[in-house]
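Visitor: Next up is a structure, given as structure tokens.
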Amino acid sequence: MREFGLQLPDYPWNAMQPFAQKASRHPGGAVNLSTGTPVDPTPAVVQDAVKAAAGAPGYPTTHGTPAVREAIAGWYARRRGVPDLDPEAVMPTVGSKEL
């Protein structure tokens, strides 16, 4: 298998496993949103945000908005130690299959 010089972190769900086990011991257990359909009510703040954005016609831009790309670059700086990620080099996706 060819490597492309990438050193990707472990899959995030694997890192969550110890926390999921601990949460499962609490009353009501853990809320798992990784697959399937959520069964918990949608929070009002989420409903309000969807309603506020509902009047925007068309599909989002493929490259994402500047604010989204800047937020992603900021997250990588804080969480992954990548301080100089150019937001213009960011491509937001739902997951790796889309990319």
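Visitor: Work out the length of the dipole vector of the stretch 40-87 about its Cα centre, built from +1 on the beta-carbon of each Lys and Arg and -1 on the beta-carbon of each Asp and Glu, and round it to the nearest 20 debye.
Guide: Here the stretch 40-87 has a charge dipole of around 80 debye.
Visitor: Continuing with the same structure: Please list, in order along the stretch 25-31, the HN-Hα scalar couplings obtained from phi with the Karplus expression 6.51 cos²θ - 1.76 cosθ + 1.60 (θ = phi - 60°), rounded to whole Hz, x for Gly and Pro.
Guide: 7, 7, x, x, x, 8, 8
Visitor: With a 10 Å radius around each residue's Cβ, average the other Cβ atoms per peptide and rank 17-27, 49-59, highest first.
Guide: 17-27, 49-59
Visitor: What nm value, rounded to one decimal, do you get for the distance between HIS63 and VAL46 when each label is placed 7 Å out toward the C-beta?
Guide: Simple spin-label model gives 3.1 nm for this pair.
Visitor: Assuming a ≥ b ≥ c are the square roots of the Cα gyration tensor eigenvalues, decide whether the stretch 42-87 counts as rounded (a/c under 1.5), prolate (otherwise, with a/b larger than b/c) or oblate.
Guide: oblate
None of the figures in this text is laboratory data; all of them are computed from the coordinates on show. Only a predicted model underlies this, so the values are computations on that prediction, with no experimental measurement involved. No Cβ is skipped: glycine too gets one built from the backbone with ideal geometry, and neighbour counts run over all protein chains shown.
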